[in-house]
Amino acid sequence: MVDLESEVPPLPPRYRFRDLLLGDQGWQNDDRVQVEFYMNENTFKERLKLFFIKNQRSSLRIRLFNFSLKLLSCLLYIIRVLLENPSQGNEWSHIFWVNRSLPLWGLQVSVALISLFETILLGYLSYKGNIWEQILRIPFILEIINAVPFIISIFWPSLRNLFVPVFLNCWLAKHALENMINDLHRAIQRTQSAMFNQVLILISTLLCLIFTCICGIQHLERIGKKLNLFDSLYFCIVTFSTVGFGDVTPETWSSKLFVVAMICVALVVLPIQFEQLAYLWMERQKSGGNYSRHRAQTEKHVVLCVSSLKIDLLMDFLNEFYAHPRLQDYYVVILCPTEMDVQVRRVLQIPMWSQRVIYLQGSALKDQDLLRAKMDDAEACFILSSRCEVDRTSSDHQTILRAWAVKDFAPNCPLYVQILKPENKFHIKFADHVVCEEEFKYAMLALNCICPATSTLITLLVHTSRGQEGQQSPEQWQKIYGRCSGNEVYHIVLEESTFFAEYEGKSFTYASFHAHKKFGVCLIGVRREDNKNILLNPGPRYIMNATDICFYINITKEENSAFKNQDQQKKSNVPRSFYHGPSRLPVHSIIASMGTVAIDLQDTSCRSTSGPTLSLPTEGSKEIRRPSIAPVLEVADTSSIQTCDLLSDQSEDETTADEETSSNLEYAKGYPPYSPYIGSSPTFCHLLHEKVPFCCLRLDKSCQHNYYEDAKAYGFKNKLIIVAAETAGNGLYNFIVPLRAYYRPKKELNPIVLLLDNPPDMHFLDAICWFPMVYYMVGSIDNLDDLLRCGVTFAANMVVVDKESTMSAEEDYMADAKTIVNVQTLFRLFSSLSIITELTHPANMRFMQFRAKDCYSLALSKLEKKEREKGSNLAFMFRLPFAAGRVFSISMLDTLLYQSFVKDYMISITRLLLGLDTTPGSGFLCSMKITEDDLWIRTYARLYQKLCSSTGDVPIGIYRTESQKLTTSESQISISVEEWEDTKDSKDQSHHRSNHRNSTSSDQSDHPLLRRKSMQWARRLSRKGPKHSGKTAEKITQQRLNLYRRSERQELAELVKNRMKHLGLSTVGYDEMNDHQSTLSYILINPSPDTRLELNDVVYLIRPDPLAYLPNSEPSRKNSICNAVGQDSREETQL
């Protein structure tokens, strides 16, 4: 061991750690050898090959020099022809011998020597073992023909005047030009378009043909007409253009043969070139070419990245994007990996779009395609998911990769991304704006169950419209509904606003009420200058600042409005109202023209500073006084404000102390302990103290904890909400959360039953087991037994979610076929059931609750076509199922992402309205129903004042239901035999028409001979029919159809009852004859202040956050207005 250690020499004293890193410069006895490595063989041939061929820049110089030599040789040939004197005679010697001066001969010999040497050298460098491959190349043969005779003439002087076809060097120049262009592309590391190369080759080929023909004809005609170069040029142009004047023609047989040969060559070469050019042009049309760098730097453009582009998606984007005036000069560059669809191509050829939309076929994952789209210079990039794919997770993965690729290529380009599933959302948190489809879809469908037609309300708010739809319709409801649909959300800084500047230092509710009363605008939210969070209705405690950004709903933004006082209006004799009727909309003479609105201001000179007080009518007895409405204070006393139903004298939610104690023990309030996906905003909810065992979540299976096997056995106090879906995705979690939010009254919580085609996984069950009254059942809406077991006969709402497996079909619009037919079956079997359906394509909503012979539906179809011809973005809005909120398509929310480019706050406001986000101090969307006890308020303005002064609520719209005014030309008429016999009594006719719904919904006994008696009645009417007019005959025909329909409905009712008896279910509560076909519902967004309230109107409210009042004081148990009991009763509002 010692000997081994002694053999190892010790380290030098200077070889420290610093020397190991930096090297020791002091060692002089270092035997290291420097070795050079070469990337190529270090031979003379390889160095020449590197210089002449492999190196792009040196090779480009060599080819440029070669190209110049060939052009010089052609130029010397032209000079020789011009200097030559045409000799007399027709001897053939003039063909083989020419007159060439000595200096010209010297130049041509020098050019020939250099060209031949370069050709031989390049042949040697590119030699790969086959000598004949190099010798038989056409460029080499042409080089030998043009250079060797001149070299021979050096040693044989008598051959100096030998004719050499030097003009053939033009073809060698063309070959050198092609190689030079290729080297140029390699040298500058930039790929030029193939179209440019092909055009260049075509032009050079044509020039070479013409030049060869000119020189050949001129030389061969030396023994004929003695043509000069100009005459030869004239002859070639006339010949190749197929004009053929005949004034210049070849005389010798050799020149004629040469012309024939050149024409044959042209007929072979030129078509090939044109074919390649046409092919490249077609391919370029498919791929779209490039978006020029100059245009990208001088014009603004956005990029739309999609997997496949359909005509509906394209038109929705273009109509919504270009609806804003400041975006008219923008270009839209579409980047899509698939070939352009035929319909899309046809639309993009329209002049309105062809000048502003550019289609590029390419992938967002390729930098070359992103460079073609000039993504780094784009103002924004919209990345949309393909929702029609069967595997939606795979579609999200593609969207995520596109977003990553764009962010990597253009980090400063704003990203607007659409994602399908919420669990994939956290991958694209870096995007500026994200819309998750399933989040919005399920939250919207959930709110539809407690706030009717929320989906229609949100859809109308996020669509751009001027409010001109339906103004030519004879129906009054269509005029009002179409006018109010033009309301959108806008923003403005308070100190710059005419609407809100005077309310600086006042409460939010004061500003909202007075702005609506004075200007007709609805202030719904604010945002502090130093805060990014938007607050919807922060309540009366919020004091408006000058720098606050106000968000309001109006027919147009304030910048496009002109204001006129009432005095000016009287001078100009402008009528006060456009429409006459109970609602008289608009009241403020809102004039919409070219995007500008003129709003007449009311006279406020005599208004009290403490706020207006609305006087009650003096009609009737003075002893019976109606309740008065308190004024909205500038700085409200929030100690008396409670969030409860303040429109009735006594609350219906009073509970005893025992009931309250038991309810508090049953439910708790808190944040759900488990969320099924990352990125969800926590929501304060009603929860159970202990989670329910998974076996108890199964509705139709008994377990050791309970023995119930159907919904009826549970004995729920409230009606069910049934959700029919294919799978229990994580997005379904967003359906449950809004229905269990902490501000929902406990007594109004509806049981939720999930009717799933496939069993849910454990992760989903673990997320929903903390919520009260949430169950699931494996079944399908195709099966009547499954529907009856889950409690469809006493359900308040049935939500039918579009199935992922049916979203794709060979024919696009057939994707909704199964859903539509299933819902139509439900509609026929359970006519009183409120069904909310999600469709893939909005165009298919016309088939919901389809009645083939309903004249009123046919009239609405014609109206939809007229609105579409006028360019409306909301042509489908007058369809009764959509207006009533019974049908919804998630593609309608695509405009939400498009609007975010101009209104970056729209996604945040929509999420707050739907309850997807909960910002402290921000309100939430709810609704209240107008009862008979509330009709004393009379108008929407008084309701606004009542809510702002009492609860702090801000109303934003009305959901109105009214009966259809049926006529013989609009719908089916129900008449009786007595009415038919006495057709002259107009009063009886009007009486029977007004009672149409009662006659169609009256109960009848289950008579087995109903169909036979119906046919006997129809025969009686047919025998008496000829005695009366054609109008009566039409009534009889309609009555026959109505009788047939009633008998068919009776048979369906018997079918349902028999199945219920077979399953052991009680038939009590199944009302088969209850039908709502004679009613229509619609939404009035931000109606005018003098709109009169009607019975059963549902008012949309933005209610302040109840938690905002907890720190100060506990509300009194007995309030003079609402008589609410306890803290929980504050929330138990009639929704």
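The values are calculated or read from the model by the stated rules, or taken from the named source; none is laboratory data. Everything numeric here is computed off the predicted structure, so don't read it as measured data. Neighbour counts run over all protein chains shown; Cβ positions are idealised from the backbone, glycine included. With ligands, DNA and RNA removed, areas are computed over all heavy atoms of the protein, side chains included. Shrake-Rupley method; radii C 1.70, N 1.55, O 1.52, S 1.80 Å.
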Legend entry - Any hit, the range 481-490, residues being among the acidic types (Asp, Glu) and at pLDDT 90 or above: yes
Legend entry - In the range 195-213, the residues that are among the β-branched types (Val, Ile, Thr) and open to solvent by less than 20 Å² (accessible area, probe 1.4 Å): Thr205, Thr212
Inset, instruction - Quick one: which residue in Ala443, Ala405 is touching a Leu at 6+ places or on another chain (Cβ under 9 Å), in a helix (DSSP H, G or I) and under 22 Å from Asp802 (Cα atoms)? - result: Ala443
Inset, instruction - Out of Thr793, Thr727, report the one residue that is open to solvent by 30 Å² or more (accessible area, probe 1.4 Å), more than 31 Å from the chain's Cα centre (by Cα) and not aromatic (Phe, Trp, Tyr). - result: Thr793
Legend entry - Residue count, the range 310-346 (criterion: touching a residue at least 40 places away in the same chain (Cβ under 8 Å), within 23 Å of Glu869 (Cβ to Cβ) and in a loop (DSSP other than H, G, I, E, B)): 3
Legend entry - Criterion: open to solvent by less than 10 Å² (accessible area, probe 1.4 Å) and on the phi < 0 side of the Ramachandran plot - qualifying residue of Ala405, Ala410, Ala431: Ala410
Inset, instruction - Scan the range 242-259 residue by residue and report those that are at pLDDT 80 or above, among the hydrophobic types (A, V, I, L, M, F, W, C) and open to solvent by 80 Å² or more (accessible area, probe 1.4 Å). - result: Trp253, Leu257
Inset, instruction - Kindly indicate whether Arg483 is part of a loop (DSSP other than H, G, I, E, B), charged (D, E, K, R) and buried (at least 18 other Cβ atoms within 10 Å of the Cβ). - result: no
Inset, instruction - Select from the range 282-320 the residues that are modelled with pLDDT of 80 or more and farther than 30 Å from His841 by Cβ and write down the one among them that is most open to solvent (accessible area, probe 1.4 Å). - result: Lys300
Legend entry - Cβ pairs under 9 Å, 6+ apart, first in the range 139-158 and farther than 23 Å from Arg63 by Cα, second open to solvent by 70 Å² or more (accessible area, probe 1.4 Å) and in a helix (DSSP H, G or I): Ile154/Leu113
Legend entry - All helices (runs of 4 or more DSSP H) inside the range 853-927 with 1 or more residues being among the small types (Gly, Ala, Ser), farther than 26 Å from Val823 by Cβ and open to solvent by 10 Å² or more (accessible area, probe 1.4 Å): 906-914
Legend entry - Condition met for Tyr775 (open to solvent by 10 Å² or more (accessible area, probe 1.4 Å) and at pLDDT 90 or above): yes
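Every residue, every condition in (1) farther than 22 Å from Leu447 by Cα; (2) modelled with pLDDT of 75 or more; (3) open to solvent by 30 Å² or more (accessible area, probe 1.4 Å), yes or no:
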{"residue": "Leu788", "(1), (2), (3)": "yes, yes, no"}
{"residue": "Ser805", "(1), (2), (3)": "yes, no, yes"}
{"residue": "Ala809", "(1), (2), (3)": "yes, no, yes"}
{"residue": "Lys818", "(1), (2), (3)": "yes, yes, yes"}
Legend entry - The listed residue being modelled with pLDDT of 85 or more, among the polar types (S, T, N, Q) and either in a loop (DSSP other than H, G, I, E, B) or open to solvent by 20 Å² or more (accessible area, probe 1.4 Å) (or both), out of Asn1119, Asn1096: Asn1096
